[in-house]
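To keep things clear, I will list the structure first and then write my remarks on it.
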Amino acid sequence: MINKSLKQLGAMLQGKEISSVELTQEFLNRIDRLNPEINAFITLDKEKTLSQAKHADSLLAAGKGTALTGLPIGQKDIFVAKGWRTTCGSKMLETFIGPYDADIIERFDGVGAVNLGKTNMDEFAMGSSNETSYFGKVQNPWDRSRVPGGSSGGSAAAVAARLCAAATGTDTGGSIRQPASLCGLSGLKPTYGLASRFGMIAFASSLDQSGPMAKSCEDMALMMNVITGFDKRDSTSLNREKEDYTRDLNKPLAGIKVGLPKEYFAEGLGADVAKVVNEAIAEYKKLGAEIVDISLPNTQLSIPVYYVLAPAEASSNLSRFDGVRYGHRAKEYGDLMDMYCKSRAEGFGAEVKRRILIGTYVLSAGYYDAYYLKAQQIRRLIAQDFENAFKQCDIIMGPTAPSTAFKAGEKADDPVAMYLQDIYTIAVNLAGLPGMSIPAGFAQSADGKRLPVGLQIIGNYFDEARMLNAGHAYQQVTDWHTQMPEGIE
Amino acid sequence: MSLNSADIKRIAHLARIEVSDTEAEATLSKLTGILGLIEQMQAVDTTGIVPMSHSQDVTQRLRDDVVTETNQRELFQSIAPAVKDGLYLVPKVIE
């Protein structure tokens, strides 16, 4: 049962084969058994969770159930949830109890889904390995000595270890797609502005976007139907008509033009990853796709641009953590300035501090034009690369990450090496486009481990239905997405 | 643009983060690496390119100037580090 999709579990609930309480309890039991090692969940509240499941059962009994009613979902701990501890992976918010619900929490509650618990993450979503979390690292279920990716590493590991039916993530530079790739699941970052950022603790506001992490594209389409929609509380939320993301799932792919950016297959891409991605593309040819060679010439610049813009926005966003209204306050301090400086020094971890310092530096007097403005100019060049590419193709495909999951500790002390993990994902955030990763096969590690590889699919603005169509078609003819790691039975 | 540890301490002060001398040294080498990465941007000619601050070309919405929020002072202050009589407590700033 644990390997069933949201769609299948939903049908079981609707058909009264199982109750939401039973289903939820099954996942809670699995969490009790496996989470002490994997550490995918950092906060559980079984009472709240089971009371939501009971409520879902009453909705289902009354015939008021919809696609996700009664299904247990893991929520990334970046989303504020009323009455739930919400830490964002930081000591700064170790004791923070959410006083309200994030838009995404409200939406899942609104359809009677069950909040199974809060998932681990890199501190303030800053990281690509989940090693910056104050609450400890997360194990990759495919090889426990490796990282799950990040920042939504807890959500990815939870889905991969079948500790939940699906989970939510957020993606500022690849934080949904890279962990989805490293843990062998499907993850989608929607077009910027489709999902509300209200109640999602801000990292880099012009890039942050939440999205689904699930076992299949069909499940992600069901979650997209819940997550997206206008929210007046988010000034960047787009006021568009609601879409049904399942509408094109079964469209034939024949004639679809798939662009392959040459920069995504150049130096830096692991040969084992390249092999799997090329095989996936061959599969798409069989499905009738036409392959087009394209170029995204400014790809290399996306990393420097991102590491100016994201820290700049973060340094501003994280100035709210002052030890006055909420969050950590130092025990001992002198005057007000000393209280700020000590509270923030104690509350933030090393990577968060580094990014705040970088952001503060690039925004400081005399450097603004050389760094911040320059980065914004190159951001436009990067967006234009995609604009030109989409004149030649319908969707873009390539690797999600340059390598499979790496060993815990391998890059933890080398920020620049860690940042290069996001070489294929960051440009999508800078342009505001939708991007997705789906399981495309496995590569063998040097020590004989079978590690998942993700295929990235990038769409034009608002083209999520077509991307999900492309992913779903592939998942009808392959079974990579239904394979489970060993040792989680 | 090479930094020294005095620069790190100055930037950290602007960011209101206390750093010890040892931390400043350790941070310096990491930040130098990151700034080296960022430096790649300077090779690009960006003359005449309009900076892109946002991916969607939208304008800020306006709403009617009416009260929309209810008073939730007690709830919000229940998670504050120090409050008294409905006020947030901080060290004395005016002598």
(message) If I ask for residues that are over 11 Å from A:GLY65 (Cβ atoms), hydrophobic (A, V, I, L, M, F, W, C) and touching a residue at least 12 places away in the same chain (Cβ under 8 Å), which ones from the range A:1-17 would you list?
(response) A:MET1, A:ILE2, A:LEU6, A:LEU9
(request) Could you figure out which of (1) within 12 Å of another protein chain (Cβ to nearest Cβ); (2) among the hydroxyl-bearing types (Ser, Thr, Tyr); (3) buried (at least 24 other Cβ atoms within 10 Å of the Cβ) isn't true of A:THR425? (result) (1)
(message) Name the single residue that is surrounded by the most Cβ atoms within 10 Å (Cβ to Cβ) among those in the range B:36-89 being outside any loop (DSSP other than H, G, I, E, B) and of a type in the set (Lys, Arg).
(response) B:ARG73
(request) Would you mind finding the one in A:ALA113, A:ALA156, A:ALA180, A:ALA204 that is in contact with a Leu (Cβ under 7 Å, 6 or more places away or on another chain) and closer than 24 Å to A:GLY409 by Cβ? (result) A:ALA156
(message) Restricting to the range A:304-349, give me the number of residues that are facing chain B (nearest Cβ under 7 Å), of a type in the set (Lys, Arg), more than 22 Å from A:ALA204 (Cα to Cα) and in a loop (DSSP other than H, G, I, E, B).
(response) 1
(request) Just name the residue that is surrounded by the most Cβ atoms within 10 Å (Cβ to Cβ) out of those in the range A:69-91 that are out of contact with any Phe, Trp or Tyr (no Cβ under 9 Å at 6 or more places or on another chain) and small (Gly, Ala, Ser). (result) A:GLY70
(message) Given the options A:GLY270, A:GLY288, A:GLY323, name the one that is under 29 Å from A:CYS393 (Cα atoms), of a type outside the set (D, E, K, R) and over 28 Å from the mean Cα position of the chain (by Cα).
(response) A:GLY288
(request) Find the residue count for the range A:304-356, including only residues that are under 17 Å from A:TYR368 (Cβ atoms) and either of a type in the set (Val, Ile, Thr) or surrounded by 24 or more Cβ atoms within 10 Å (Cβ to Cβ) (or both). (result) 10
(request) Enumerate the pairs (first residue in the range B:45-68 and within 7 Å of another protein chain (Cβ to nearest Cβ); second residue anywhere and among the basic types (Lys, Arg) and in a loop (DSSP other than H, G, I, E, B)) with beta-carbon separation below 6 Å, excluding pairs fewer than 6 apart on the same chain, so at least 6 apart or on different chains. (result) none
(request) Take the range A:357-395 and flag every residue that is buried (at least 23 other Cβ atoms within 10 Å of the Cβ) and either in a loop (DSSP other than H, G, I, E, B) or among the small types (Gly, Ala, Ser) (or both). (result) A:GLY359, A:ALA375
(message) Being basic (Lys, Arg), at pLDDT 95 or above and outside any loop (DSSP other than H, G, I, E, B) is true for just one of A:LYS137, A:LYS118. Which residue is that?
(response) A:LYS118
(request) Taking the residues in the range A:396-422 that are away from chain B (no Cβ under 14 Å) and among the small types (Gly, Ala, Ser) as candidates, determine which candidate is surrounded by the fewest Cβ atoms within 10 Å (Cβ to Cβ). (result) A:GLY409
(request) Being surrounded by 14 or more Cβ atoms within 10 Å (Cβ to Cβ) and either more than 28 Å from A:ASP479 (Cβ to Cβ) or out of contact with any Leu (no Cβ under 9 Å at 6 or more places or on another chain) (or both) narrows it down to one of A:GLN52, A:GLN14, so name that one. (result) A:GLN52
(request) Would you please name the residue that is surrounded by the most Cβ atoms within 10 Å (Cβ to Cβ), looking only at residues in the range A:281-303 that are within 14 Å of chain B (Cβ to nearest Cβ) and assigned to a helix (DSSP H, G or I)? (result) A:SER302
(request) With the condition kept exactly as written, say whether any residue in the range A:94-114 is crowded, with 24+ Cβ neighbours inside 10 Å and within 14 Å of another protein chain (Cβ to nearest Cβ). (result) no
(message) I need every pair where a residue in the range A:243-262 that is on the phi > 0 side of the Ramachandran plot has its Cβ under 9 Å from the Cβ of a residue that is in a loop (DSSP other than H, G, I, E, B) and of a type in the set (Gly, Ala, Ser), sequence separation at least 6 or different chains.
(response) A:GLY255/A:GLY288; A:GLY255/A:ALA289
(request) Considering each of A:GLY199, A:GLY187, A:GLY229, A:GLY193 in turn, give the residue that is modelled with pLDDT of 95 or more and surrounded by fewer than 21 Cβ atoms within 10 Å (Cβ to Cβ). (result) A:GLY229
(request) Provide a single number: the residues in the range B:10-47 that are more than 18 Å from A:ALA312 (Cα to Cα) and of a type in the set (Lys, Arg). (result) 0
(message) Please determine whether any residue of the range A:328-338 is of a type in the set (Ser, Thr, Tyr) and either touching a residue at least 12 places away in the same chain (Cβ under 8 Å) or under 30 Å from A:LEU381 (Cα atoms) (or both).
(response) no
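The values are calculated or read from the model by the stated rules, or taken from the named source; none is laboratory data. Computed from a predicted structure; not experimentally measured. Note that we place each Cβ from the backbone using ideal geometry, even for glycine, and neighbour counts take in every protein chain shown.
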